[in-house]
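Novice: Have a look at the structure that comes next, please.
The values are calculated or read from the model by the stated rules, or taken from the named source; none is laboratory data. Because the structure is a prediction, the values reported are computed rather than measured. A quick note on method: Cβ atoms are made from the backbone with ideal geometry, for glycine too, and the neighbour counts reach across all protein chains shown.
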Amino acid sequence: MKLSKVLPLALALIIFGAGCSWFGQTEPGLKAELGGSLTQSEVERYNEFQDKLPKGLAYLNIPSGSKVFVSRGKERMPGKQDMALYAGDTVHVNTGEAKLLYPGKGMSLLPKGAAVTILPEGEFASGQGLGALIILEAGKIFTRFEQILGHGEEFSVQVDNVVATVRGTAFAVFKIEDTVDIQVAESTIKVTTRDAMDYLKQSNSMLADVGWELSAGRQISLQDMDEFRALAQIEPVSDDSFAYFDMDYYYSNLFASGTQDVVINTADRQGFNWMSRQMTATELAMPENPYHWTKPPVIDPYYLNYINPERLSEWQSYILWLETNQDEAARMEEIRLQMQSEGMFSAPVESADSQDESPASVKPSSDGPTDEPPESIIYYDENGQPHFTDEALGTDSNNDSVELLGVPAE
């Protein structure tokens, strides 16, 4: 049923750090009406807490039968329908597929085997528009935008050292072993490298939005990423104030030989057709009742220099606030589960099969992303309850047998 508040909200909690007015620009969380066994005070506390949660960088859509997991640091849980994804979240698609919704703008399709980490992009706070950087750790991602991004909005997909930036288009990015492919279905994208972006930042260059233009029907195919990384390496900025770096020459040498007409493999035809289809306003609508995981977000240090300092400060303030209020967050999760069991709100539909398996972990390191599993994790069941799990034995803290990272339970 349509959700509404029963009582006015209490005064906002004090948020740590400067510039935290961002937290007043949030979308409604799961709002409940008074009823069942909960008291008026508990319902009011719950609604107030939901108002402190920031807008998601994206929202998870899980078709029936798919197995999807979300990781935060060393903890992970089965993906929830309409789950708000925050800075540092990694989405793993074990079977089926998943979609990332950017409300009012567009969507990304993640087929089986995809693993992506989502980070804030650009200078604007997330409450002021779209600003997301998708790190493709493994697999494939198909993306389509129905609206041109507004001033200050940014969206990019990065795979290895290659960054594809869009304002409104349909394109796909693949990472298969040591090969990176970027295909454009509509409009154009800008392809650049992380090395070049860092160079411009270090040199305080006035250049902006530089890169290789890739138009519809064209693709870049990089077959040997070790060789590409060597070619893309830029020497440190010279102390000579007259030193000049020719970016056009750099990109033409880097990408021209790898540019060709799009070749669609049979396995990718369904994804290519999906991103070539126009989406409806209903498909792109903001979820009415997003699911919020109360585990504080975790941003791997490897990615910190990718994030604009202002955006990073916003997320660090939120993480500090949530860590400080973990007891309250735990109580709010108990209230949410109680509300759901008593039918006090229409909770997001869960993915029926998403809790059966856990994903192969993808964890960045100083040398870039690797697929080594963490030393220890906390596994979250379909109700969002934590279980401290021993990977070697395949058993959890409740002595329930589980299958984790492909290790059969004993």
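Novice: Would you confirm whether any residue within segment 191-198 is closer than 21 Å to Pro103 by Cα and surrounded by 19 or more Cβ atoms within 10 Å (Cβ to Cβ)?
Specialist: Pass one, segment 191-198, residues closer than 21 Å to Pro103 by Cα: none.
No, segment 191-198 contains no residue that is closer than 21 Å to Pro103 by Cα and surrounded by 19 or more Cβ atoms within 10 Å (Cβ to Cβ).
Novice: Every residue in segment 92-115 that is of a type in the set (Gly, Ala, Ser), in a strand (DSSP E or B) and under 22 Å from Gly129 (Cβ atoms), please. Spell out the reasoning first.
Specialist: The initial filter retains those residues of segment 92-115 that are of a type in the set (Gly, Ala, Ser), namely 96, 98, 104, 106, 108, 113-115.
From what's left, in a strand (DSSP E or B): 98, 106, 108, 115.
If the condition is that a residue be of a type in the set (Gly, Ala, Ser), in a strand (DSSP E or B) and under 22 Å from Gly129 (Cβ atoms), then Gly106, Ser108 are the ones that fit.
Novice: Could I ask something else about it? What do you reckon, is Glu227 of a type outside the set (A, V, I, L, M, F, W, C), in a loop (DSSP other than H, G, I, E, B), modelled with pLDDT under 90 and over 17 Å from Asp248 (Cα atoms)?
Specialist: no
Novice: Any residue at all in segment 140-149 that's closer than 21 Å to Asn305 by Cβ, touching a residue at least 60 places away in the same chain (Cβ under 8 Å) and part of a loop (DSSP other than H, G, I, E, B)? Walk me through how you get there before you give the answer.
Specialist: Here is the first cut: in segment 140-149, the ones closer than 21 Å to Asn305 by Cβ are none.
Looking through segment 140-149, none of the residues is closer than 21 Å to Asn305 by Cβ, touching a residue at least 60 places away in the same chain (Cβ under 8 Å) and part of a loop (DSSP other than H, G, I, E, B).
Novice: Determine whether Tyr318 is within 20 Å of Lys74 (Cβ to Cβ), surrounded by 15 or more Cβ atoms within 10 Å (Cβ to Cβ) and either touching a residue at least 40 places away in the same chain (Cβ under 8 Å) or aromatic (Phe, Trp, Tyr) (or both). Walk me through how you get there before you give the answer.
Specialist: Values: within 20 Å of Lys74 (Cβ to Cβ): yes; surrounded by 15 or more Cβ atoms within 10 Å (Cβ to Cβ): yes; either touching a residue at least 40 places away in the same chain (Cβ under 8 Å) or aromatic (Phe, Trp, Tyr) (or both): yes.
Yes: the conditions hold for Tyr318.
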